[in-house]
Amino acid sequence: MGRECTGAVGSGAVQPTSNPAPSPWVRPVVLTGRRVRLEPLAAGHLDDLAAVGLDPAIWTWTIARPAAREDLRAWLEAALASAAAGTELPFATIDLATERAIGSTRFLSIVPEHRRLEIGWTWVGRAFQRTGANREAKLLQLSHAFGDLGANRVEFKTDSRNEASRAALLGIGATFEGTIRNHMVMPDGPLRHSAYYSVVVEEWPAVRARLDALLDRP
């Protein structure tokens, strides 16, 4: 399945590097925290994900609209095809208390020659929202990106109308960089404007400290 890492691995460089990363750069890995574990997405996660992932509210701001188990299967198979092609690394988010998959996230837009990548397609079931699961998933991914992979930049994008996601990204310390207009054709219209955020390696120690503090709150 991949080697085991934890959110504490590597403190991360505080300066960018100009050396291109090797290719393939982002490889399957297991990332374990206190609340959740991220493990490479697999067909065997479908049952758990279907149990929590068919609420339409989860998918409001995405180009996916899974309304039934077979729709979610198609979404999962597309994610696995991207993983097989080496263009994305999708994870299942596992709740450590129950050992069940409660959502998903992934690395995408992977550019090893410039040491940048994106964290996206992040969702958890409604019952697990506001529990710290999503924040810890981001901490695990950012820790791996900066501490293990030596990334210079991690970026995020969201629908410009998604105020909750935008507030959450600012809350973890990501920087708003601007809006790309008419960026995506949505299944239900109108065209989506995408708001872009990032964390760069120089900012990572402060962002890590902020996320650690947020996760330590009762």
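Laboratory data are not the source of any read-out in this text; all were calculated from the coordinates shown. Keep in mind that what you see is a predicted model, and the values were worked out from it rather than measured. Positions of Cβ are generated from backbone atoms using ideal geometry, with glycine treated the same way; all protein chains shown enter the neighbour counts.
Okay, here's what the table says:
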{"quantity": "Relative contact order [Cα under 8 Å, 6+ residues apart], the chain, whole percent", "calculated": "23 percent"}
{"quantity": "Ellipticity estimate at 222 nm from DSSP helix runs (n ≥ 4, -39,500 (n - 2.57)) divided over the chain, nearest 500", "calculated": "-8000 deg cm²/dmol"}
{"quantity": "Per-residue ³J(HN,Hα) for the stretch 114-123, Karplus 6.51 cos²θ - 1.76 cosθ + 1.60, θ = phi - 60°, Hz, x for Gly and Pro", "calculated": "10, 6, 10, 7, 10, 9, x, 6, 8, 8"}
{"quantity": "Cβ-defined net charge surrounding Asp188, 13 Å radius [Lys, Arg +1; Asp, Glu -1]", "calculated": "+2"}
{"quantity": "For Arg100, residues with placed amide H under 5 Å, excluding near neighbours", "calculated": "Asp95"}
{"quantity": "Whether the stretch 105-205 is rounded, prolate or oblate, judged on the alpha carbon gyration tensor where a/c under 1.5 counts as rounded", "calculated": "oblate"}
{"quantity": "Where trypsin sites (Lys or Arg not before Pro) fall in DSSP loop in the stretch 161-191, at most 15 other Cβ within 10 Å", "calculated": "Arg161"}
{"quantity": "Charge tally in the Cβ shell below 13 Å around Ser82, where Lys, Arg are +1 and Asp, Glu are -1, Ser82 excluded", "calculated": "-2"}
{"quantity": "Fraction of beta bridges assigned by DSSP in the chain that are antiparallel (%, nearest 5)", "calculated": "80 percent"}
